[in-house]
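Each remark here refers to the structure printed beneath this line.
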Amino acid sequence: MKKNQQLLSLASDVMEKAYAPYSKLNVGAAVITPTGNIYLGCNVENISYPCGNCAETSAISAMVAAGEYKISRIAIVSNGNFEIKPCGACLQRIKEFSTSKTEIITLTPDNKIKTYKISELLPTPFEEF
Ligand code: THU
(Lines give C-alpha, C1' and ligand atoms only; values in the text may rest on other atoms or scores of the structure.)
Protein backbone atom coordinates (compact mmCIF):
# COMPACT_ATOMS: atom_id res chain seq x y z
CA MET A 1 0.00 0.00 0.00
CA LYS A 2 1.19 3.48 -0.83
CA LYS A 3 2.02 5.70 2.09
CA ASN A 4 -0.15 8.76 2.74
CA GLN A 5 2.63 11.03 1.51
CA GLN A 6 2.73 9.26 -1.84
CA LEU A 7 -1.04 9.44 -2.16
CA LEU A 8 -0.95 13.18 -1.42
CA SER A 9 1.79 13.59 -3.99
CA LEU A 10 -0.31 11.86 -6.67
CA ALA A 11 -3.27 14.07 -5.72
CA SER A 12 -1.00 17.07 -6.09
CA ASP A 13 0.12 15.96 -9.57
CA VAL A 14 -3.45 15.57 -10.82
CA MET A 15 -4.41 18.86 -9.17
CA GLU A 16 -2.17 20.57 -11.75
CA LYS A 17 -4.53 19.34 -14.46
CA ALA A 18 -7.67 20.80 -12.86
CA TYR A 19 -9.90 22.97 -15.01
CA ALA A 20 -10.87 25.75 -12.62
CA PRO A 21 -10.86 29.04 -14.53
CA TYR A 22 -13.76 30.45 -12.47
CA SER A 23 -12.84 29.74 -8.87
CA LYS A 24 -9.09 29.39 -9.55
CA LEU A 25 -9.11 26.71 -6.86
CA ASN A 26 -7.39 23.66 -8.31
CA VAL A 27 -8.24 20.49 -6.41
CA GLY A 28 -6.81 16.98 -6.79
CA ALA A 29 -7.95 13.70 -5.24
CA ALA A 30 -6.34 10.26 -5.12
CA VAL A 31 -8.29 7.18 -4.07
CA ILE A 32 -6.59 3.93 -3.10
CA THR A 33 -8.70 0.77 -2.92
CA PRO A 34 -8.11 -2.48 -1.02
CA THR A 35 -6.51 -3.94 -4.18
CA GLY A 36 -3.86 -1.20 -4.05
CA ASN A 37 -5.08 0.41 -7.25
CA ILE A 38 -5.13 4.19 -7.33
CA TYR A 39 -7.65 6.43 -9.07
CA LEU A 40 -7.12 10.12 -9.61
CA GLY A 41 -9.46 13.03 -10.22
CA CYS A 42 -9.44 16.82 -10.42
CA ASN A 43 -12.17 19.42 -10.39
CA VAL A 44 -13.72 20.31 -13.74
CA GLU A 45 -15.61 23.60 -13.77
CA ASN A 46 -18.09 24.90 -16.30
CA ILE A 47 -19.29 28.33 -17.36
CA SER A 48 -22.65 27.13 -16.08
CA TYR A 49 -21.35 26.88 -12.52
CA PRO A 50 -23.58 24.06 -11.17
CA CYS A 51 -22.32 21.78 -13.96
CA GLY A 52 -18.86 21.60 -12.39
CA ASN A 53 -17.44 18.46 -10.77
CA CYS A 54 -15.39 18.19 -7.61
CA ALA A 55 -12.06 16.37 -7.64
CA GLU A 56 -13.37 13.65 -5.31
CA THR A 57 -16.32 13.03 -7.63
CA SER A 58 -13.97 12.61 -10.58
CA ALA A 59 -11.71 10.18 -8.67
CA ILE A 60 -14.67 8.14 -7.43
CA SER A 61 -16.07 8.00 -10.97
CA ALA A 62 -12.74 6.65 -12.24
CA MET A 63 -12.74 4.02 -9.48
CA VAL A 64 -16.26 2.86 -10.29
CA ALA A 65 -15.56 2.83 -14.03
CA ALA A 66 -12.68 0.45 -13.29
CA GLY A 67 -15.06 -1.87 -11.44
CA GLU A 68 -13.96 -1.08 -7.88
CA TYR A 69 -16.34 -0.05 -5.13
CA LYS A 70 -14.38 0.36 -1.88
CA ILE A 71 -12.25 3.29 -0.81
CA SER A 72 -9.44 2.49 1.62
CA ARG A 73 -8.10 6.03 1.67
CA ILE A 74 -8.72 9.23 -0.26
CA ALA A 75 -6.20 12.09 -0.29
CA ILE A 76 -7.30 15.61 -1.21
CA VAL A 77 -5.16 18.66 -1.94
CA SER A 78 -5.74 22.11 -3.37
CA ASN A 79 -3.74 25.12 -4.41
CA GLY A 80 -5.46 27.19 -1.69
CA ASN A 81 -3.65 28.24 1.43
CA PHE A 82 -5.91 26.22 3.72
CA GLU A 83 -6.63 22.63 4.60
CA ILE A 84 -9.14 21.42 2.03
CA LYS A 85 -11.70 18.91 3.21
CA PRO A 86 -14.40 17.33 1.02
CA CYS A 87 -17.57 19.35 0.54
CA GLY A 88 -20.81 17.98 1.98
CA ALA A 89 -21.91 16.36 -1.26
CA CYS A 90 -18.52 14.68 -1.71
CA LEU A 91 -18.60 13.38 1.86
CA GLN A 92 -21.85 11.65 1.00
CA ARG A 93 -20.24 10.27 -2.19
CA ILE A 94 -17.21 9.04 -0.23
CA LYS A 95 -19.51 7.51 2.39
CA GLU A 96 -21.21 5.45 -0.31
CA PHE A 97 -17.97 3.52 -0.90
CA SER A 98 -16.54 3.62 2.64
CA THR A 99 -16.14 1.27 5.56
CA SER A 100 -15.55 2.29 9.16
CA LYS A 101 -11.82 2.06 8.37
CA THR A 102 -11.84 4.40 5.36
CA GLU A 103 -9.54 7.37 5.84
CA ILE A 104 -9.65 10.88 4.39
CA ILE A 105 -6.17 12.37 4.13
CA THR A 106 -5.54 16.12 3.93
CA LEU A 107 -2.67 18.53 4.21
CA THR A 108 -2.56 21.65 6.41
CA PRO A 109 -0.98 24.88 5.10
CA ASP A 110 2.16 24.03 7.10
CA ASN A 111 2.30 20.61 5.42
CA LYS A 112 1.08 18.46 8.28
CA ILE A 113 -0.78 15.33 7.19
CA LYS A 114 -4.22 14.98 8.78
CA THR A 115 -6.31 11.82 8.79
CA TYR A 116 -10.04 11.61 9.36
CA LYS A 117 -12.63 8.88 9.44
CA ILE A 118 -15.73 9.51 7.35
CA SER A 119 -17.81 9.36 10.55
CA GLU A 120 -15.90 12.37 11.91
CA LEU A 121 -16.57 14.55 8.87
CA LEU A 122 -20.05 13.22 8.11
CA PRO A 123 -21.53 12.04 11.41
CA THR A 124 -25.10 11.89 10.11
CA PRO A 125 -25.03 10.58 6.51
CA PHE A 126 -28.17 9.79 4.59
CA GLU A 127 -28.18 6.00 4.70
CA GLU A 128 -31.71 4.77 5.26
CA PHE A 129 -33.77 4.12 2.17
N1 THU B 1 -14.01 21.53 -4.94
C2 THU B 1 -13.54 20.26 -5.02
O3 THU B 1 -13.05 19.82 -6.08
N4 THU B 1 -13.66 19.47 -3.93
C5 THU B 1 -14.18 19.86 -2.73
O6 THU B 1 -14.32 19.07 -1.82
C7 THU B 1 -14.58 21.26 -2.54
C8 THU B 1 -14.61 22.10 -3.75
C9 THU B 1 -13.92 22.39 -6.13
C10 THU B 1 -15.25 22.72 -6.76
C11 THU B 1 -14.93 24.01 -7.48
O12 THU B 1 -14.40 23.69 -8.75
C13 THU B 1 -13.84 24.63 -6.63
O14 THU B 1 -13.34 23.61 -5.80
C15 THU B 1 -14.30 25.81 -5.79
O16 THU B 1 -15.39 25.47 -5.03
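The values are calculated or read from the model by the stated rules, or taken from the named source; none is laboratory data. Computed from a prediction, not measured in an experiment: that's the story for all the values here. Positions of Cβ are generated from backbone atoms using ideal geometry, with glycine treated the same way; all protein chains shown enter the neighbour counts. The protein model used for the area step is the full one, side chains on, heavy atoms only, and it has no ligands, DNA or RNA in it. Shrake-Rupley method; radii C 1.70, N 1.55, O 1.52, S 1.80 Å.
The loop-placed chymotrypsin sites (Phe, Trp or Tyr not before Pro) in the range 36-93, going by DSSP, that have at most 12 neighbouring Cβ atoms within 10 Å of their Cβ come out as Tyr69, Phe82. The residues of the chain expose, per residue, 56 Å² of accessible area to a 1.4 Å probe. Taking θ = phi - 60°, what integer Hz values does the Karplus form 6.51 cos²θ - 1.76 cosθ + 1.60 yield along the range 3-14, in sequence order, with x for Gly and Pro? Karplus-based 3J(HN,Hα) across the range 3-14 equals 6, 4, 4, 5, 5, 5, 5, 5, 4, 5, 4, 6 Hz.
Please identify every one of the GluC sites (Glu not before Pro) in the range 97-129 that sits in a loop by DSSP and has no more than 13 other beta carbons within 10 Å of its own beta carbon.
Glu127, Glu128
Between Cys87, Cys51, Cys42, where does the largest GNM mean-square fluctuation fall for the chain, given springs only between Cα atoms within less than 10 Å? Per the Cα network of the chain with a 10 Å cutoff, Cys51 tops the list. If you build a Gaussian network model of the chain, linking Cα atoms that sit under 10 Å apart, which residue out of Ala29, Ala20, Ala89 swings the most? Looking only at Ala29, Ala20, Ala89, the biggest GNM fluctuation is shown by Ala89. Using a Gaussian network model of the chain with C-alpha springs under 10 Å, which one of Lys114, Lys70, Lys85 is most mobile by mean-square fluctuation? Checking each option, the largest mean-square fluctuation is seen for Lys114. Expressed as a whole percent, the accessible surface of the range 2-121 that belongs to carbon and sulfur atoms is 53, based on a 1.4 Å probe. Note on the chain: Rg/Rh from C-alpha atoms, Kirkwood Rh, equals 0.94.
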